[in-house]
Each structure stands twice: as C-alpha cells, then as structure tokens.
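This report refers to the structure that appears directly beneath it.
Please treat every number below as a calculation from the coordinates, not as lab data. Just so it is clear, the model here is predicted, and its values are computed rather than measured. Here the Cβ is made from the backbone with ideal geometry for all residues, glycine too, and neighbour counts use every protein chain on show.
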Amino acid sequence: MTRIDYLRLKWRAMLALVFGRRALAMACFDELLRLAPGDAYALASRSHVLAQAGRHEEALVDARALVQHHPQRSAGDWFNLAFLLEATGRFDDAEGAFRRALEIDPKLDRAWYGLALVLIRQRRFDEALAALKRNTELQPMSPYGWYQLARVQLDRQQPEEARKIIRHLKKFEPKVAAQLERETGLVP
C-alpha cells in the first residue's frame with residue numbers, strides 16, 4: 001500500500017465518522033488493517049467505534065492488539081484497554097493495564113481514577129485511597145475523585161476524614177457535597 005492509499009483510506013474513515021456513517025468508517029478501518037496489519041490508527045479507531053456501539057468484547061480485541069503491536073505508543077492506549085477491561089468485569093487485567101498506562105505517563109489523572117475504581121471493586125481500600133489522593137492532586141477541582149475519596153474513607157471506617165472531604169467539596173462543588181451528606185448521613 002502506498003502512502004497515498006493509506007492517507008486516502010484514513011481520510012475517508014474520518015469523513016465517514018464526521019457524517020455519522022459508522023459502517024463506512026468500519027469498512028475503511030478493515031481495509032486499512034488488511035493492507036497494514038497492526039496499524040495503530042486503524043486499531044485505535046476501530047476499537048473506539050466498537051466501544052461507542054457497546055460492542056466491548058470486539059473493541060477489546062483491537063485494544064489488545066494495539067498495545068501488543070505498539071506497547072510504548074501512548075499511555076492513552078493502555079488507559080482505553082483498561083477502561084474496556086473494567087467495563088467487562090475483568091478487574092485484575094484492568095488493574096494491570098491502568099498501572100501500565102501510569103508507567104508511561106504518571107500524570108495521567110484519569111488512569112489514577114480508573115485504577116482507584118478497580119481497587120475499590122476489589123475492596124482494596126488502602127490502595128484505592130493512595131490512587132485517589134494522586135488523582136485529586138492532579139485534578140484538584142474535579143469532584144469525582146473527591147467523591148470517591150470520601151466513600152473510601154467511609155469504607156476504611158474513617159468518618160472524620162470523609163467529613164473533611166465534604167467540607168472541602170462545599171467550597172467548589174456544593175451539590176456533590178450535599179449528595180455525599182445525603183448518602184452518608186455525615187454532616188461536617
């Protein structure tokens with residue numbers, strides 16, 4: 001395949017997605033992968049389209065192939081794989097993929113958050129606490145990490161720590177703080 005053929009197929013796929021023609025885009029990705037097996041763009045894109053369509057098992061095949069062929073390309077590739085693994089209930093594998101994403105980019109806040117969620121599901125609260133603390137350091141104004149941090153503190157039998165988080169959230173996310181108060185019965 002020539003560079004021109006590759007670019008033509010890639011642009012055709014992008015335009016198809018812009019105009020909501022997923023089937024055409026998928027045909028372009030299939031052709032790209034037939035002509036260039038292991039192509040990072042085609043694998044990542046096809047995985048994304050499949051995941052958006054709720055076809056997680058199929059998306060996982062491409063996400064796994066992507067990190068197998070291009071293990072150092074992007075922390076985002078490992079994050080996407082971890083996300084799909086988590087969505088399909090493969091928590092141990094998801095943990096490994098989140099950790100691999102963080103080896104490549106230790107500042108990938110969403111990977112810290114995802115890792116924390118997997119650890120929570122595994123009831124490994126102390127480890128989840130550490131991951132959430134790192135997430136909130138990287139994203140101090142995002143309520144999601146703080147919310148989960150409060151929940152983990154309760155799971156760790158630390159209601160006073162959860163109250164501190166609720167007080168902190170009241171400063172910039174009063175609705176989330178109120179939700180935590182309702183859910184936990186804790187009032188700072």
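A quick yes/no check of all residues on (1) closer than 19 Å to residue 78 by Cα; (2) part of a helix (DSSP H, G or I); (3) hydroxyl-bearing (Ser, Thr, Tyr):
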site: 101; (1), (2), (3): yes, yes, no
site: 117; (1), (2), (3): yes, yes, no
site: 126; (1), (2), (3): no, yes, no
site: 134; (1), (2), (3): yes, yes, no
site: 140; (1), (2), (3): no, no, no
site: 154; (1), (2), (3): no, yes, no
site: 161; (1), (2), (3): no, yes, no
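Scan the stretch 58-82 and report the pairs whose first residue is under 12 Å from residue 100 (Cα atoms) and whose second residue is among the charged types (D, E, K, R), with Cβ atoms within less than 7 Å and a gap of 6+ or a chain change.
67/77; 75/105; 78/100; 79/110; 81/64
Say we look at the stretch 51-92 and pick out the residues that are within 23 Å of residue 36 (Cβ to Cβ) and in contact with a Ser or Thr (Cβ under 6 Å, 6 or more places away or on another chain); which of these is surrounded by the most Cβ atoms within 10 Å (Cβ to Cβ)?
Looking at the filtered set, the residue picked out is 63.
If you scan the stretch 126-138, which residues turn out to be under 20 Å from residue 89 (Cα atoms) and either surrounded by fewer than 20 Cβ atoms within 10 Å (Cβ to Cβ) or touching a Pro at 6+ places or on another chain (Cβ under 6 Å) (or both)?
127
Can you tell me how many residues in the stretch 68-92 are in a loop (DSSP other than H, G, I, E, B) and under 12 Å from residue 44 (Cβ atoms)? Spell out the reasoning first.
Taking the stretch 68-92 and keeping what is in a loop (DSSP other than H, G, I, E, B), we get 70-74, 88-90.
Checking which are under 12 Å from residue 44 (Cβ atoms) leaves us with 70, 73-74.
Within the stretch 68-92, residues that are in a loop (DSSP other than H, G, I, E, B) and under 12 Å from residue 44 (Cβ atoms) number 3.
Condition first: among the charged types (D, E, K, R), under 21 Å from residue 73 (Cα atoms) and part of a helix (DSSP H, G or I). Now tell me which residues in the stretch 35-57 satisfy that.
Listed by number, the list holds a single entry, 46.
Being crowded, with 19+ Cβ neighbours inside 10 Å and in contact with a Phe, Trp or Tyr (Cβ under 8 Å, 6 or more places away or on another chain) is the filter; apply it to the stretch 144-172 and report the residue that is farthest from residue 96 (Cα to Cα).
Step by step, filter the stretch 144-172, then rank; the result is 169.
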